[in-house]
1. If you count, for every residue in B:99-107, the Cβ atoms of partner chains within 10 Å of its Cβ, what is the mean?
2. Within chain A, which whole H helices from DSSP have a Cα span along their axis of at least 20 Å and a mean Kyte-Doolittle hydropathy of -0.5 or more, if any?
3. What's the longest uninterrupted piece of chain B once you rule out the trypsin sites (Lys or Arg not before Pro) that are loop residues per DSSP with at most 13 other Cβ within 10 Å?
4. Tell me, what ³J(HN,Hα) does each residue in the stretch B:11-23 have, in order and in whole Hz, if you take phi through Karplus 6.51 cos²θ - 1.76 cosθ + 1.60 with θ = phi - 60° and put x for Gly and Pro?
5. Compute the semi-axes of the equivalent ellipsoid of the stretch B:140-234, taking the square root of 5 times each eigenvalue of the Cα gyration tensor, and list them largest first in whole Å.
6. Dividing the alpha-carbon radius of gyration of the protein assembly as shown by 2.2 N^0.38 Å (N being the number of residues), what value is obtained?
7. Using only the alpha carbons, work out the radius of gyration and Dmax of chain B in angstrom.
8. As a quick test, which of the pairs B:Lys89/B:Lys111; A:Lys130/B:Lys174; A:Lys135/B:Lys174; A:Lys135/B:Lys95 have an alpha carbon distance above 24 angstrom in this structure?
Amino acid sequence: MNTTRTDAAVQIRGLRKAYGGVIAVDDLDLDIAHGETFALLGPNGAGKSTTVEILEGYRLRTSGEVSVLGVDPARGGLDWKSRIGIVLQSSGETGLLTVTELLRHFASLYPHPRDVDEVIAAVGLETKAKTRIAKLSGGQQRRVDVALGIVGRPELLFLDEPTTGFDPEARRQFWGLIRSLKAEGTTILLTTHYLDEAAQLADRAGVIAGGQLIDVGAIDEIGGADARRPIVRWRDAAGTTREVRTDEPGLHVASVVAALGREPDGLEVIRPTLEDIYLGLVHDASAGSAREFDDTEEALA
Amino acid sequence: MSTSLMTQGASRVGVETKTYFRAADTLFFTFLFPFVMLAIFSAAFSASGEVGPPGAEISIAALYLPAMLAAGIFLSGVQNLAIDIALEKSNGTLKRLGGTPLSPVGYFAGKIGQVFVTGTLQAGLLILAGWLVLGIDLPTDPAKWVTFAWVFVLGLTTCALLGIALSALPRSGKSAAAVVIPIGLILQFISGVYLQWNMLPDWLQNFASLFPLKWIAQGMRSVFLPEGWESLEQNGSWNLPGVAIALGIWLVVGFVLSRITFRWIRRDA
């Protein structure tokens, strides 16, 4: 199965999606390799869900080229659907079937399904296997969603905010499950609001804001070297807060102490986390559009 | 390769039927409703004694049995599927299924299969209850049962397809019952289900003839009402060829409409 495949699992070139006059996704390029776990990050309304739904075949694009497992998702047939797995955001199904009944049914739709009992065990629902889904807690129902997404043994798995509503222990357990899928060679496209989750699971991440991919790279490289540079912050003699990004924070602190001739007030040395870097990226991207918005408001006033 | 249509269809019929019997509201308003109405009509009008043309008088219960069989076909097909599919559209069930290798034909096979399993059980129990509990005489002529079989199968298939087509009408799952049930109620009142057919004025009979329920009810009356009752029909005859033609036309309409309107999701809402 896993021969020398040089083509990417997901390939996007110049993707554009407009709803009426509103542009949701604007000229987006992205490759995701076979076997890779890729995290797509971005604030609500940034174009994340639209992009993923185009890849899943749920939405049609306005223009651009998209290939998912070598197939245009707008024309993806049943064979193509049997090779992908989709875990959607929360669903409101009636839940009159038990966990086992629903999973057995979904397994029957796929040519090479996973063993239903193993899948139930993998999502930690053994004790609830004979319980109707409507009677499960929100977090347990979310695990059923995940189980339904993987029971068909997909080559490519879409996970849309999979751990929303999980308690910390369930989230750890879920991470273990995703790592085992990854070890089997499953390609995973994850969208999440939890930056620690992206840092734990993903090989690479991309940040979408305002419909554009503003950065993409390995988890420990995203945002660039500058964004990772430590920050030294202190208050100068006049009481004004000063901030400097430097690769040599210790030396800088020493020079500040020397210049002041005393211990500086409010001294901090900050090493940006993935969350800081992400927020910085999104903030920079939205600053431009926020200014435009202000202008419009003024014009209207 | 996805699994065969047969496997998918059979698997769908299984989960659809289980879900049907586990949903308390469909169980009452679709499955048990004709039983409740038969009991109410039989009890309410029991004082009026036997009715019908001279020499062919029957009990009120016997008059209402074919009417409730027709109502059951209509409810199991149109009302059941129109509400069910509209709900599945709005609660995310269809979106999820649309992301799996389930073929739309397999999905429809599951719905129609569920309609046939539940509709057949309903009709069988109605006839049994009429015979054992209400003491209604059942036809002995095999030709009558042949008529019953084709009217039942044709009527139920037509109603199932029309239900699928009608599911496109409600704008949301919440409004589905409010949109579908009144349409059904009006049709049942004007088609000779709740009100005795020959009591309706000509213009209303002609109007009802545009819709399939009138023809199903007429076909069922031809099976269960004794000779002599055909004089109370339009043109004084059971007009079975007319039943077949009208239902055949609605079958095609239902098929075409459900093909045109059905989507797993609204792709660009």
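1. Other-chain Cβ atoms within 10 Å of each residue's Cβ, averaged: 6.
2. A:274-300
3. B:1-170
4. My calculation for the stretch B:11-23 gives 5, 5, 4, x, 5, 5, 5, 4, 4, 4, 6, 8, 8 Hz in order.
5. Ellipsoid half-lengths, sorted descending, are 28, 18, 9 Å.
6. 1.31
7. Gyration radius and largest Cα-Cα distance of chain B: 19.1, 66 Å.
8. Check vs 24 Å cut-off fails for A:Lys130/B:Lys174.
Any read-out appearing in this document is the output of simple, stated calculations on the displayed coordinates, not a laboratory observation. Treat the numbers as computed from the prediction; the structure is a model and nothing was measured. Every residue, glycine as well, gets a Cβ built from its backbone with ideal geometry; the counts of neighbours run over all protein chains shown.
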